[in-house]
Amino acid sequence: MATTQDFIEFVCDQIRGSGMIRYRKMFGEYMVYVNDKPILLVCDNTVYVKQLDAVSSLMKHADTAVPYAGAKEHYILDIENRTLAVQIVEILEPITALPKSKRKSNQRV
């Protein structure tokens, strides 16, 4: 089951106020960006967070799962808990790198 439009909008609403929020559809699922940084992965109406030391204390009781075949195990974020969701985003945003820009294949170096 793919993530629904209503769910991805709910996710973005829950973290509203954490910066500039946008989402992008990728392979039928979504990546949520905060200030252009990829912060949350949303697959099958479930919100995933990378297992990083910076959030391990807050997520120590969270379930874990693999969001898609071939991915590493992630924490499952209780997006219903707005306070927790905002805390996680506020921790991850400063330590997450901006994605590298992709050059078009017809550009020369």
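Read-outs throughout are calculated quantities, based only on the coordinates presented, and are distinct from any laboratory measurement. What you see is a predicted model; the values in this text were computed from it and never measured. A quick note on method: Cβ atoms are made from the backbone with ideal geometry, for glycine too, and the neighbour counts reach across all protein chains shown.
Taking semi-axes √(5λ) of the Cα gyration tensor in Å as the quantity of interest, determine which of (1) 22, 15, 13; (2) 51, 21, 8; (3) 23, 16, 15 was computed from the displayed structure.
(3)
With the dipole of the chain worked out from charges on the C-beta (+1 for Lys and Arg, -1 for Asp and Glu) around the Cα centre, which of 48, 33, 81 lies farthest toward the positive end?
Farthest towards the positive pole: 33.
Give the calculated FRET efficiency between residue 45 and residue 22 to the nearest 0.05, with a Förster radius of 22 Å applied to their Cβ-Cβ distance.
In this case the efficiency is close to 0.70.
Based solely on its DSSP helices, what 222 nm [θ] is calculated for the chain when runs of n ≥ 4 H residues each add -39,500 (n - 2.57) and the sum is averaged over all residues, nearest 500 deg cm²/dmol? Intermediate values should be presented prior to the final figure.
Details: 3 runs with 28 residues, N = 109.
Calculated mean residue ellipticity at 222 nm is -7500 deg cm²/dmol.
Under 23 Å between alpha carbons: how many lysine pairs meet that in the chain, if sequence neighbours fewer than 8 apart on the same chain are excluded?
Pairs that pass both the separation and distance tests number 17.
Applying the Karplus parametrisation 6.51 cos²θ - 1.76 cosθ + 1.60 with θ = phi - 60° to the phi angles of the stretch 19-31, what ³J(HN,Hα) value in whole Hz is obtained for each residue in order, glycine and proline being reported as x?
Listing the rounded values in order: x, 6, 10, 8, 9, 9, 6, 9, 6, x, 10, 9, 10 Hz.
Tally Lys and Arg at +1 and Asp and Glu at -1 over the other residues with C-beta under 12 Å from the C-beta of residue 88: what net charge comes out?
Details: positive: 50, 82; negative: 78, 90, 93.
Summing Lys/Arg as +1 and Asp/Glu as -1 gives -1.
Any chance you could give the angle, 0 to 90 degrees and rounded to 10, that helix 82-95 forms with the longest Cα principal axis of the chain?
Approximately 40 degrees, to the nearest 10.
Taking the Cα-to-Cβ direction at residue 64 and at residue 10 and moving 7 Å from each Cα, how far apart do the two end points lie in nm?
2.6
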